[in-house]
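The values are calculated or read from the model by the stated rules, or taken from the named source; none is laboratory data. Owing to the predicted nature of the structure, the values given are computational and were not obtained by experimental measurement. Reconstructed Cβ throughout: ideal geometry from the backbone, glycine too, with neighbour counts over all protein chains shown. Heavy atoms of the whole protein, side chains included, go into the accessibility calculation; ligands, DNA and RNA do not. Shrake-Rupley method; radii C 1.70, N 1.55, O 1.52, S 1.80 Å.
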Amino acid sequence: MNRTFSLLIGVVLTVAASFVGLVLIPDWQLDPLEPVEAPDGTLRPQAPTGTVAEGRDIYSQLGCIYCHSQQVRPPDFGSDHDRGWGTRQTHPLDHIHDEPPLLGTMRTGPDLANIAVRQPSRSWHHLHLFNPIITSPGSNMPPYRFLYEAVPRTDGAPPENALDFPPEFDDPDHWWVPTDRAEALVDYLLSLDHTYSIEGDP
Amino acid sequence: MADRTSETPPSATPKPDPDALRGDVVRRARIDASCRGPVMFFVLTAVAWLLIGSLLAIMASVKMHTPEFLSDLEPLTFGRVRTAHLNTVIYGWSSLVGIGVLLWLQARLSRSTLRFHKLLYAVGILWNLAIAAGTWALLFSHFDSVEWLEFPVWTAALLGVGFVGVMVVSLDLFRRRSKHHIFVSQWYLFGAVFWFPILYVLANLMIHLGMATGVAMATANWWFAHNVLGIWFTPIGLAAAYYFIPKVLGRPIHSYYLSLLGFWTLALFYNWAGTHHLIGGPLPVWLTTVGTVASMMMFIPVITVAINHHMTMVGHFEKLRYSPTLRFIVFGAMSYTLVSAQGSLMALRRVNETTHFTHYTVAHAHLGMYAFFTMAMFGAIYYMVPRLLGREWPSATLIRIHFWTTAVGIFIYFTGLSWGGWRQGEMLNHDTVDFLAIVDYLIPYLWSRSLGGTLMTIGHVTLAILLWKMWRGAEEEAQGPAVFKEEPAKTKILPTSDGEEEDS
Ligand code: HEM
Ligand code: HEM
């Protein structure tokens, strides 16, 4: 019984210690972080609300994270800065409103921490999500056509938000219109801008 | 009887005292009979999840090189299928088969019969229903992208509650062990049974119930995801290796003291390594440094385990020809050394700079979860099931097909993605290489994974056929406890059981 008890103590203590060290202490260390003031007087980062929050949710449940990271590495580590993915390393403060943070561990596609800066065009994102090949030949990102609705073509004018395809991708029978989910997802992508400055290293 | 599937070559049969042997055989047969129902339930449902997980895996794999494949159905979009793959193979296949093997090993090592059958069936059914419901949610409904913890919180709660049953039964066995001595495998199993629920419950509380904030959720995430590998699957895989290698060879493990050192250094260092998944990420630097240091310290348990297993095997490698158990287990044990050494190196900042965001990590993941853990579990199945059902495997050819398809499949998978992934990392780190050129470069390597994965899946189907034949045959013959009826045959395949008296 004595041996069993010491085994039990050893087993529980080893895991409990690491929980304190790797989870509770960082949580306590990072908890006091507060948003910073941008030059225009607003606070950064902003908590996602409305369609941005909805879009974040869609990003999460379509699993974009399994191909896209949202973290810029330090300048001497990899080529994130040279690729134009960010101007500074991502800081814990950037994620204080993110529950959970969508940091990602894979870069089958590019980092998206600052995609709003790099690619501000709404229509680009819609075409790209509809079928990535349109904007990025050879891409292996999946098409998200199910986020768009097909409207049979008539002789009249297209709906005002219909996608404007390049000729070789034009669908002669339908116009394609973004659903609310597609709009929310693009709203979210266009909110991803972490270029405000933060003092100090993480 | 299919001689070629027996665990030892007939010529190697030693001649122990027949009476003592008979007593041992009867006792073991009684233990095996007590395990039959519940352990077979866990093993068979686990293999069903392996088939489902493999199907999802191939879908995910094909989508990466042929993105139009099944792309118009939202439930089958890459992000959902990939997540369903991970969760079905981790919680469905790996955990369920792990529980089955754990219970049987614990019963054998304690020399006690397995009790609480109704409780175990309830746990098995609960786990299966929870995993099915959770997988449904991943494909058709909402989930949060927290890697390894995507199941909805109510699924997690059911799995957590169910696991209490496993703890109860496992501790009951441990308490009733007939010898004071604790075998090496028993420490690992004892540890795993406590570690998993602690990890799983705390991680779900911190993340899904929002007890941590911001980036601390990410450290909680990787504290869990790394530890579930290192102190849940790894101990079960090692316990199996520590049990079966001496068992099949009929000789004791090389050194008891080395195994002690191996166990406690694993418990100490594995726990602290999780933050190596976040190197270069937005964390205070001390956190990832701790992860790197602990990863280097992991060389200690890994080398001790490698020496111990190798020294036990030395001079007996020819037995790999006869014993399917040994073949799979030794394949697993060697992969364990390889994956751990690789992992420690990947935790170095300069290496991780290249490998982190690439398919190199995915190759390492499958070297661990497949070449080590899954192959070790296949080995355990080949030893356990004939004893549980009291009959021999119906076909040596099918076993051979199973071994070679999975071994060659994972070899293709691993080499293809390791090479492609490393180059991917190098190109990503040179901003002069256009991103689309990297995508283009990887396509053939992604195809090689689909090829390897198809071979592996053929192996899984073969295993399912073998198990189906065994189960059907046993049902047809079942009149009274099959184990006693089969005794003469069992004497033939159990002569190496003396190993159990030692530190096996
Ligand atoms: C000494 C032992 C080990 C060390 C130090 C180690 C280290 C690592 C490192 C550094 C990563 C890469 C993280 C990243 O860059 O994203 C990783 C990923 C991984 N390792 Fe290991 N590893 C070890 C053993 C194992 C074993 C035994 C298994 C399987 C049972 C395993 C399974 C995995 C998996 C599945 C991943 C991928 C996780 C994910 O991204 O989802 N590793 N490991
Ligand atoms: C049947 C053959 C298999 C194939 C073709 C396959 C394929 C895949 C694919 C395509 C991914 C996604 C990788 C990505 O996101 O880039 C993946 C991830 C994963 N699979 Fe498999 N898989 C197979 C079997 C298994 C088995 C049996 C296990 C576990 C026992 C397993 C464990 C994992 C893990 C842990 C990950 C996450 C890796 C990471 O995030 O780094 N796989 N697999």
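Descriptive notes on the structure:
- With 20 Å bins beginning at zero, the pair-distance distribution over Cα atoms of chain B amounts to 23, 58, 18, 1 %.
- Between chain A and chain B, the total buried accessible area stands at approximately 6900 Å², from heavy atoms with a 1.4 Å probe.
- Average partner coverage of A:91-102, which counts Cβ from other chains inside 10 Å: 6
- For B:HIS117, net neighbour charge (Lys/Arg +1, Asp/Glu -1) across residues whose Cβ lies under 13 Å away: +2
- Relative contact order for the stretch B:27-483: 16 percent, from Cα pairs under 8 Å spaced at least 6 residues apart, divided by residue count.
- Normalised by residue count, the stretch A:104-202 yields a Cα convex hull volume of 123 Å³ per residue.
- For the peptides B:204-213, B:378-387, residues were scored by their other Cβ atoms within 10 Å and the scores averaged per peptide; the highest-first order is B:378-387, B:204-213.
- Over chain B, DSSP H runs of length four or greater, each weighted -39,500 (n - 2.57), average out per residue to a 222 nm ellipticity of -24000 deg cm²/dmol.
- Expressed as a whole percent, the accessible surface of chain A that belongs to carbon and sulfur atoms is 56, based on a 1.4 Å probe.
- Under 12 Å, Cβ to Cβ, from B:ILE279 - net charge with Lys/Arg +1 and Asp/Glu -1: +2
- Under the Karplus curve 6.51 cos²θ - 1.76 cosθ + 1.60, θ = phi - 60°, whole-Hz ³J(HN,Hα) for the stretch B:316-333, x wherever Gly or Pro sits: 10, 4, 5, 5, 4, 5, 9, 9, x, 4, 4, 4, 5, 5, 5, 4, x, 5
- Sequence ranges B:343-353, B:403-413, ranked by mean other-Cβ count within 10 angstrom, highest first: B:403-413, B:343-353
- Counting, for every residue in A:53-64, the Cβ atoms of other protein chains within 10 Å of its Cβ and taking the mean gives 4.
- Remark: the protein assembly as shown projects, on average over all directions, an area of 31.7 nm² (convex hull of Cα atoms).
- Summary of the geometry: the stretch A:145-164 and the stretch B:311-338, compared by the centres of their Cα atoms, lie 62 Å apart.
- Per residue solvent-accessible surface (Å²) - the protein assembly as shown, probe of 1.4 Å: 37 Å²
- Taking amide H atoms as placed 1.01 Å from N in the peptide plane, the amide H of A:TRP175 lies under 5 Å from those of A:VAL151, A:ARG153, each 5 or more residues away in sequence or on another chain.
- Chain A, relative contact order [Cα under 8 Å, separation at least 6], %: 24 percent
- Per-residue mean of foreign Cβ neighbours for A:125-132 is 1 (Cβ atoms of other chains, 10 Å radius).
- Accessible area of the stretch B:27-483 belonging to carbon and sulfur atoms, whole % at 1.4 Å probe: 73 percent
- Whole-Å distance, taken between Cα centres, linking the stretch A:70-122 and the stretch B:226-304: 32 Å
- Comparing the full protein assembly with the isolated chain (1.4 Å probe, heavy atoms, ligands and nucleic acids excluded), the residues of the stretch B:72-86 losing at least 20 square angstrom of accessible area are B:ASP72, B:GLU74, B:THR77, B:PHE78, B:GLY79, B:ARG80, B:ARG82.
- Estimated FRET transfer efficiency (B:VAL168, B:ILE458; beta-carbon r; R0 45 Å; 0.05): 0.70
- For the stretch B:376-451 versus the stretch B:139-154, the gap between their alpha-carbon centres in whole angstrom: 26 Å
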